[in-house]
Structures are given as C-alpha cells and as structure tokens.
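The values are calculated or read from the model by the stated rules, or taken from the named source; none is laboratory data. Every value quoted in this text rests on a predicted model; they were computed, and no experiment measured them. So basically every Cβ, Gly included, is an ideal-geometry build from the backbone, and we count neighbours across all protein chains shown. Protein only, heavy atoms only, side chains kept; ligands, DNA and RNA dropped before computing areas. Shrake-Rupley method; radii C 1.70, N 1.55, O 1.52, S 1.80 Å.
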Amino acid sequence: MKTIKFFMVALISLVTATTCFADDRMILPEQLPAAAKTFIQTHYSGAKILFASKDLDGLSKHYEVHLNDGTQLDFDSKGNWDKVENHMKPVPAALVPQPIATYVKANFPGEIIVKIDKERHGYDVELGNDLELKFNKKGMIIGIDD
C-alpha cells in the first residue's frame, strides 16, 4: 500500500512539475500579434526576423523575437514591447522616455542605451559601458548597478 501511495505522489509531482515550467514554441513571424509586427516594421524596417517564439508561462504568454542585426525583442501577449536589447547599436530613440534620454545624455555623455526593459517599478536601462540604471515610471533615476 505504501508503494502505491509513493508512486501516486511521484506521478502527481512529475505532472505538476512539467506543467509549471515555461513552454517555449517556435512560431512563424506571421503568427506574431499585429502590434508586434507593426513595431518591428516601424523601428526595424531594414532588419529580418531570424526566429520568433511564443513563451507560455502558466496562464500568461509573451513573444520573443531575434533579428538579424543582433536585436532581441520581447513582447507581451498583445504585442506591446517589454524589452529591446542590442549590444552593438543603440535602442531606437523613440522608445526611450524623454526624461531617461535627458538623464543619460547629461550624466553619461557619449554613452548609448543598448537595452531598455519595462518593469513594474518603471524601466531598467543598460548603457554601452555595461552600467545598469533603474528609473521609476516617471523617468526619475532610482538606482544604479555597475
């Protein structure tokens, strides 16, 4: 009887564990949400999509896109951008809120923003010199990591 209980608990644990991990699936670029496709056409018209994936984390999903110019883009389930990253060239200026762009220009002249990530607190920004800056939703600096 103990053996049966042990195997039942093991089986339930295995099923639970496999359903808790993210399920990443490659998709065709045409399967991206319309907003994501428009974003790519607007800000990266010269780049080509190398691959795209849909990540299922429990009940939520998001999309990840890699472009041939080294850019990685993350989108939410509706196709709104969450993260833009390319360590070889700057993030498009149109994506950086003005207070953040002004702060970086004044305090780190000559540096470029290579990553911008929307977070609950606001934005995480990485500069070309690997310095990470944290901003609140209003674009005010709240932290620096080197």
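With only Cα atoms counted, region 22-64 has Rg and Dmax values of 11.1, 34 Å. Each 5 Å bin from zero up to the one holding the largest Cα-Cα distance in region 104-146 carries the following percent of pairs: 6, 25, 34, 26, 8, 1. Label point of Ala94 set 7 angstrom out along Cα-Cβ; within region 30-70, amide nitrogens under 15 Å from it belong to 35-47. Do any of Lys48/Lys138; Lys78/Lys134; Lys48/Lys115; Lys37/Lys137; Lys61/Lys134; Lys48/Lys137 go past 23 Å between their Cα atoms, and which? Flagged as over cut-off: Lys48/Lys138; Lys78/Lys134; Lys37/Lys137; Lys61/Lys134; Lys48/Lys137.
For the pair Ile27 and Asn80, the difference between a 0.36 nm per residue extended length and the Cα-Cα distance amounts to 17.4 nm.
Surface exposure of region 22-76, expressed per residue as accessible area with a 1.4 Å probe, stands at 56 Å².
Loop-resident trypsin sites (Lys or Arg not before Pro) (DSSP state other than H, G, I, E or B) in region 34-93 with no more than 10 further Cβ atoms inside 10 Å of their Cβ: Lys48.
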